[in-house]
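First the structure, in the form of C-alpha cells, and then the observations on it.
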Amino acid sequence: QVQLVESGGGLVQAGGSLRLSCAFSGRTFAVGWFRQAPGKEREFVAAISWTGSSTYYADSVKGRFTISRDNAKNMAWLEMNSLKPEDTAVYYCAARRLATPMQNPSDYNYWGQGTQVAVSS
C-alpha cells in the first residue's frame, strides 16, 4: 500500500514563495500535484514521470511552479514562486502505478491528505 504525506503549506503574501513536500512510501511511478479551492473542483497543477525526465504544468502555473522528485529519498516537491491569491487552495500530492504522468485526477491511484496554501493580497 502506498502512502503519501504532504507538508510545507502555509500563509504567504502575494509574490512570495512556498515549497511543498510529498513523502511517499511504497512503489510509485508518476507523481502529480493537484489543488482544490473552496467550491471548486480539484484541478491539475503539475506532474512528473518516474525518471523525472518529463514534467507537465497547468497553464496557470507555468513559469512560476516547478515539480521535482528524488526517488532515492522517496520524495517529491512543488516549488511555488510568485504566488497569487488565486493560488489559494488545498494542495494534494498523488501517485499512480504507471510511469506516464497524467492531468486527470481519476488517473491517480493514491492520494495524500492535502496541505493548505493561503496567499494574501
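The values are calculated or read from the model by the stated rules, or taken from the named source; none is laboratory data. Everything quoted here is computed from the prediction, not taken from an experiment. Every residue, glycine as well, gets a Cβ built from its backbone with ideal geometry; the counts of neighbours run over all protein chains shown. The accessibility values were calculated without ligands, DNA or RNA, using every heavy atom of the protein model including side chains. Shrake-Rupley method; radii C 1.70, N 1.55, O 1.52, S 1.80 Å.
Data table
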item	result
Hey, Thr28 among the β-branched types (Val, Ile, Thr), more than 17 Å from Gln116 (Cβ to Cβ) and open to solvent by 10 Å² or more (accessible area, probe 1.4 Å) or not	no
Yes/no for Asn109 being modelled with pLDDT under 95 and either over 12 Å from the mean Cα position of the chain (by Cα) or among the aliphatic types (A, V, I, L, M) (or both)	yes
Filter result (of a type in the set (Gly, Ala, Ser) and free of Cβ contacts under 8 Å to residues at least 24 places away in the same chain) within the range 101-121	Ser106
Among residues of the range 69-101, those that are of a type outside the set (A, V, I, L, M, F, W, C) and within 14 Å of Leu18 (Cα to Cα), counted	8
Whichever residue in the range 2-25 is farther than 19 Å from Asp87 by Cβ and touching a residue at least 60 places away in the same chain (Cβ under 8 Å) and, among such residues, is most open to solvent (accessible area, probe 1.4 Å)	Gln3
Subset of the range 101-121 that is open to solvent by less than 80 Å² (accessible area, probe 1.4 Å) and in a loop (DSSP other than H, G, I, E, B) - its residue that is nearest to Phe44 (Cα to Cα)	Asn104
Tally, over the range 4-31, of residues that are part of a strand (DSSP E or B), closer than 22 Å to Asn104 by Cβ and modelled with pLDDT under 95	1
Condition check for Asp87: open to solvent by less than 50 Å² (accessible area, probe 1.4 Å) and of a type in the set (D, E, K, R)	yes
Tally, over the range 79-100, of residues that are part of a loop (DSSP other than H, G, I, E, B) and touching a residue at least 60 places away in the same chain (Cβ under 8 Å)	9
Residue tally, condition in a strand (DSSP E or B) and open to solvent by less than 80 Å² (accessible area, probe 1.4 Å), over the range 44-66	9
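Residue-by-condition table, conditions (1) in contact with a His (Cβ under 6 Å, 6 or more places away or on another chain); (2) farther than 14 Å from Gly32 by Cα; (3) among the hydroxyl-bearing types (Ser, Thr, Tyr):
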{"position": "Ser49", "(1), (2), (3)": "no, no, yes"}
{"position": "Leu78", "(1), (2), (3)": "no, no, no"}
{"position": "Ala89", "(1), (2), (3)": "no, yes, no"}
{"position": "Ala94", "(1), (2), (3)": "no, no, no"}
{"position": "Ser106", "(1), (2), (3)": "no, no, yes"}
{"position": "Trp111", "(1), (2), (3)": "no, no, no"}
